[in-house]
Structure formats: C-alpha cells, structure tokens
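Heads up: the structure comes next, in structure tokens.
The values are calculated or read from the model by the stated rules, or taken from the named source; none is laboratory data. Computed from a predicted model, the values in this text were never measured in an experiment. With ideal geometry, Cβ positions are generated from the backbone for all residues, glycine too; neighbour counts draw on all protein chains shown. Note: areas computed on protein heavy atoms with side chains; ligands, DNA, RNA excluded. Shrake-Rupley method; radii C 1.70, N 1.55, O 1.52, S 1.80 Å.
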Amino acid sequence: MNTWNYTNKPDFILMGLTESKEVQLVLSVLFLLIYLVTVLGNTGMILIIHLDAQLHTPMYFFLTHLSFLDLSYSTVITPKTLETLLTSKKNVSFMGCFTQLYFFILLAATECFILASMAYDRYVAICNPLHYPVIMSTRLCHGLLTASYVIGTMDSSVTVFSMVSMNFCKSNAIHHFYCDTSPLLFLSCTDTHGIEIIIFIFAGSTILLSLILVSVSYVHILSTILKITSTSGKQKAFSTCASHLLGVTVFYSTLIFTYLKPSKSYSLGKDQVASVFYTIVIPMLNPLIYSLRNREVKSAVIRVMQKREGFSS
C-alpha cells in the first residue's frame, strides 16, 4: 500500500462543498459578499474603537482583538475556498494544508479566551462597578490577552505537530472546503486513536474551560441583575452584556457541534454546513452584533463622522 507523509509531500485535493458548477458559482458570489462584509465590518470596528477616545475601555480593547481574530481566521479560510470554487485549482500542498490548520486552530482557540475575558469584564462592570477601574487595569487586560494567545498557540501546536507525522494511504482527497482535523484524520492509514485523544483533550479543555469561565461570569451577572429593584436598572444592566451574550451563544453552539465529538461521527453534509457557518458567517456576524445592538458604538460612529466633517469643512 502506498503511504506518504511530510517526507514526500504530495498535494492534497480539496473536494469543496459541491461538484455542481452552477451551485459553485452561487456559493462563490455569496462567500465573496460575506467576506467583503466581514473585512469591512471588522476593519471598521477596529478603526472606530481606535479613533473614538470614549471607547478606549477594557471592553472595547477586547472587542478590537475579537474583530482582529475574526478578520484573521476568515482570511485563513475564505480566499482559498473562493479559489477552489472559481477555478479548477483544488490542490493544496502538504505544508500549506497544515499551515492553514495551524493558524485556524490558533485563532479560534484564542477567540475562546478573548470571549471569556470579555465575560469577566462584564462581570466586574455589573457586579463590582465601584472597583472596575482598579480591577480591569491595563496590566490585567494585556495579561489576559497574552494568556489567550499563549493558550491558542499551545493548543494549535500540540494538535498540528501530533498530526503532521501521520501516514496517509487511503486518498489525498479531503472531502471538505478547508484543511480540518476530522477529514485529515479520516485519510490516515495509521492508528489515530492516540492522536484523537490528544486533540480531544486539548480542544475539549480549551472549549470547556473558556465556556465555564463565561458561564460562571454570567451566573453572577444574572444574580446581580435580578437583585436590582427598578425595571430600568435591570434593562440598563442587561443591555451592557446583551451583545456579548448573543455572540457567545452563536460562537460556542457551532463550535461544540463541530469539534466535541469523535472523528468517526464526522458527517460530510452536516459538518460542512456547520463549518461554513462557523468559519465564514460568524466572523461577519460579530461586528454586526456588537454595533447594531450597542448604543456606544452607534454614538461613536456618529462622533467620528461629525469630527471628520468638521475637519473637511
């Protein structure tokens, strides 16, 4: 049986989402539009936060990096997906495939802990408002950010370096639109049980630990909000974390469905739909969620536009 690994690097073939030329054309137009909105939305969010001094707070510090992560991992996936949809070039090199996988896991795992840091920030703001400026210091914010990237790098490194030495003999055709763990493990002709356990432990720990931190924060937030006597006070307190809660719900629901299960339960149709939503749609939704449901961001946009009109006049 012919086996190969990183020592004799043939190309993988990304089979994509469909073989129908008509559907490929429709998907390519749709994904291109989504990607353009993603780039504009996340870049716009970063610029608005940078230009408006009133948004230079811990919450928007983390939101800036959330937008950067969404922009980055959408860029890791979408351009190659568009290339496979629009051209006949469906091959990706061995190292190119694992490089894509490495950066995707790094960015997605980092986002888990950025969201957890944002949840902690909301917990301090609502449950301990008088000490908020002291607790959420610049030093703590940078520490949480650094820890998020370190954990993401560790998760990605362990996953990719445990997979890169696998031998592949079944096929070089990846039945997916990007290089992901499950379809790559499916192609291996060696026993992947040990590798699957390692991936499950690290991916599971990343998802569950960050989700526990988010959940604990929101349990305390909800408890504090329920103790507020006035209806307007409750609405004001809830509005400060509604956008983040919605973003967290959308992100983790698809993440858990996609990754916290054995590779043998990999289903081509269901997993591809979930992956499209997770890798392409969610990075577009986050800036919309945090801008359309956030009065501070809307006000900041107006202030920046007025300031620009003042300079031009």
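Of all residues in the stretch 49-90, count the ones that are closer than 21 Å to residue 125 by Cβ, of a type in the set (Val, Ile, Thr) and not in a helix (DSSP H, G or I).
Within the stretch 49-90, residues that are closer than 21 Å to residue 125 by Cβ, of a type in the set (Val, Ile, Thr) and not in a helix (DSSP H, G or I) number 1.
Counting only residues that are under 20 Å from residue 37 (Cβ atoms) and of a type in the set (S, T, N, Q), which one in the stretch 49-69 is surrounded by the fewest Cβ atoms within 10 Å (Cβ to Cβ)?
64
Report, ordered by the first and then the second residue, all pairs with beta carbons closer than 7 Å, sequence separation of six or more or different chains, a first member in the stretch 108-129 that is over 15 Å from residue 61 (Cβ atoms), and a second member that is among the aromatic types (Phe, Trp, Tyr).
Here the result reads 108/73, each pair linking the stretch 108-129 to a residue that is among the aromatic types (Phe, Trp, Tyr).
Would you mind finding the one in 145, 208 that is under 17 Å from the mean Cα position of the chain (by Cα), surrounded by fewer than 19 Cβ atoms within 10 Å (Cβ to Cβ) and either closer than 17 Å to residue 96 by Cα or in contact (Cβ under 8 Å) with a residue 60 or more places away in the chain (or both)?
Within the list 145, 208, the selection yields 145.
Could you run through the stretch 211-221 and say how many residues are surrounded by fewer than 13 Cβ atoms within 10 Å (Cβ to Cβ) and farther than 30 Å from residue 104 by Cβ?
Residues meeting the conditions: 1.
Give the stretch 119-178 a look and list any residue that's among the charged types (D, E, K, R) and closer than 30 Å to residue 91 by Cβ, or say none.
155, 170
Out of (1) open to solvent by less than 50 Å² (accessible area, probe 1.4 Å); (2) of a type in the set (A, V, I, L, M); (3) within 17 Å of the chain's Cα centre (by Cα), what's the single condition that is false for residue 150?
(1)
Count, please, the residues in the stretch 8-48 that happen to be in a helix (DSSP H, G or I) and open to solvent by 50 Å² or more (accessible area, probe 1.4 Å).
Here the count works out to 14.
Would you mind stating whether residue 295 is farther than 17 Å from residue 124 by Cα, loosely packed, with under 12 Cβ neighbours inside 10 Å and modelled with pLDDT under 85?
yes
Listed residues 97, 112, 127, 141; which is among the hydrophobic types (A, V, I, L, M, F, W, C) and touching a strand residue (DSSP E or B) at 6+ places or on another chain (Cβ under 9 Å)?
Only one candidate passes the filter, namely 97.
Can you tell me how many residues within the stretch 182-191 are open to solvent by less than 10 Å² (accessible area, probe 1.4 Å) and assigned to a helix (DSSP H, G or I)?
Qualifying residue count, the stretch 182-191: 3.
List the number of the failed condition for residue 159; all other conditions in (1) among the β-branched types (Val, Ile, Thr); (2) open to solvent by 40 Å² or more (accessible area, probe 1.4 Å); (3) within 19 Å of the chain's Cα centre (by Cα) hold.
For residue 159, the failing item is (2).
Looking only at the stretch 192-205, which residues are open to solvent by 60 Å² or more (accessible area, probe 1.4 Å) and in contact with a Leu (Cβ under 9 Å, 6 or more places away or on another chain)?
Listed by number, the list holds a single entry, 200.
Open to solvent by 50 Å² or more (accessible area, probe 1.4 Å), assigned to a helix (DSSP H, G or I) and modelled with pLDDT of 75 or more: which single residue out of 249, 229 fits that description?
249 is the lone residue from the list that is open to solvent by 50 Å² or more (accessible area, probe 1.4 Å), assigned to a helix (DSSP H, G or I) and modelled with pLDDT of 75 or more.
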